[in-house]
Amino acid sequence: MRHSIHEEAIMARSDLLLTLVRSGSEGKRMLFRKALEAVIAEERAQQHHVLADKLEKVLKENGGPGTEARRRGEERVQNLFFEIRPRKSLSDLILPPSVADACHELVEEQHRADVLRSHNLEPRHRVLLAGPPGNGKTSLAEALADALMVPLVSVRYEGVVGSFLGETASRLGRLFDCVRTKRCVLFFDEFDTLGKERGDPHDTGEIKRVVSSLLLQIDDLPSYVVVVTATNHPELLDRAVWRRFQLRLELPKPTRSQIEDWFKTLEQRLKFKLGYSPFTLAKRLHGHSFAELEDFSADVIRRWVLSNAAASGREIVQERLRQWTAKFKPDSPSPGTRG
C-alpha cells in the first residue's frame, strides 16, 4: 500500500519520537541525545523557539560527562563562527551544469528528508568544493543556505585554532556541539587549514590529532546540518577527508561562454550600455576569475557614477580594458582572491 508524502513525513516523525522514548527508557544515552537533538532542530525549523530552547536546556543539564565543560564554554562560542543571512541564490550563479545539477539534487533531498527517512535513507549533507580562488566557492555555500532556507554558519579560524596543546580540538568540539541542534549550512573556507594530510612529515602530532578529531566530529553530525568545505589546494587534504564528503565538486575558472553569459546578465542590471558586446568582453577577459570580473564591472560602474552619467559606457570600458591589460595578465597573481 502506497503512502502519500504527507503520511510518510508523519511516519518519519513518529519513528523519531519512538526512538527518543525507547532509547531513554533503555538507558541508551548516545542514541537518546541524537534523537533529542533532531527533535530540537525540527522545532527550530518550525519556528517553535520556546519549546526548542526548553528542550535544549534539558539536554545541556542532563548531557552526562562533559556537560559542565560545554556550559563554561558557551560564553565564548560566539568567537568560533559568525552567522550570515544568505543573500545570493543559485539562480544568481553561473555554474558548470554538473555542479548545478548536484546542488539542486542536494536541496531536494534536504527538503524531502522525511520522505527519505521513511525508507531508512538520509539526505546527503557533506560537500567539498575545490578550485582556484575567486570562482564562487563561498558564493555557492551561501546560495545553498538560501535554497535550504537556513543560516550560513561560517567558521572563524582565528577563534578555533589555538596555540596550546589540545586547544584547537577542544574548540572544534564546542563548535560542533553548538551547531548540532540547528538546521544550517556549516561552512569551512580554506578547509586545508584544518584538514591537511596527516602524513606530512613536517607536521606535529597536534595537527594529526586535530584532523582526527575533525573527521570524527563531521561523521557524527546529523544530516540536517549541511557541511560545506572549500579549498584552493585540494592536494593538501588528508585522504580520509575526501572519503567523508558525498559530493566533491570542482569550480574552475569560467569558460569564455560563461563569461559571455555573465556580462549578458550584468548588462540587464545596469542602467547604461557597456558599448561592447558580451562576446567581445568575454574574449578580452577570458582567463580571469569571477571575482576579477566583479572587480572589473565595479570599476566600470564607479567611473560611470563619478562622471555623472556623462561619459559613454564604451569609453569607460575601453579605458578599463586598457588598464587591466597593463595591470596584470590572467595567469599571473592578481586581485580578487576570494573563494
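Number of residues in the range 101-150 that are closer than 23 Å to residue 176 by Cα, of a type in the set (Gly, Ala, Ser) and out of contact with any helix residue (DSSP H, G or I) (no Cβ under 9 Å at 6 or more places or on another chain): the value is 2. Within the range 151-164, if we keep just the residues that are assigned to a loop (DSSP other than H, G, I, E, B) and either touching a helix residue (DSSP H, G or I) at 6+ places or on another chain (Cβ under 6 Å) or under 21 Å from residue 219 (Cβ atoms) (or both), the residue that is most open to solvent (accessible area, probe 1.4 Å) turns out to be 161.
Taken over the range 258-280, the residue count meeting the criterion of being among the aliphatic types (A, V, I, L, M) and modelled with pLDDT of 95 or more is 1. Would you list the helices (runs of 4 or more DSSP H) that sit entirely within the range 207-303 and hold 3 or more residues that are closer than 30 Å to residue 160 by Cα and open to solvent by 40 Å² or more (accessible area, probe 1.4 Å)? Those helices (runs of 4 or more DSSP H) span 239-244.
Kindly check whether there is at least one residue in the range 250-262 that is of a type in the set (A, V, I, L, M) and touching a residue at least 40 places away in the same chain (Cβ under 8 Å). Yes, there is a match, as at least one residue in the range 250-262 is of a type in the set (A, V, I, L, M) and touching a residue at least 40 places away in the same chain (Cβ under 8 Å).
Residues that are surrounded by fewer than 19 Cβ atoms within 10 Å (Cβ to Cβ) and either within 16 Å of the chain's Cα centre (by Cα) or part of a loop (DSSP other than H, G, I, E, B) (or both) within the range 108-125 comprise 112, 119, 120, 121, 122, 124, listed in sequence order. In the set (1) open to solvent by 20 Å² or more (accessible area, probe 1.4 Å); (2) of a type outside the set (A, V, I, L, M, F, W, C); (3) under 26 Å from residue 104 (Cβ atoms), the condition left unmet by residue 314 is number (3).
The values are calculated or read from the model by the stated rules, or taken from the named source; none is laboratory data. Because the structure is a prediction, the values reported are computed rather than measured. Cβ coordinates were reconstructed from backbone atoms using ideal geometry, including for glycine residues, and neighbour counts include every protein chain displayed. Protein only, heavy atoms only, side chains kept; ligands, DNA and RNA dropped before computing areas. Shrake-Rupley method; radii C 1.70, N 1.55, O 1.52, S 1.80 Å.
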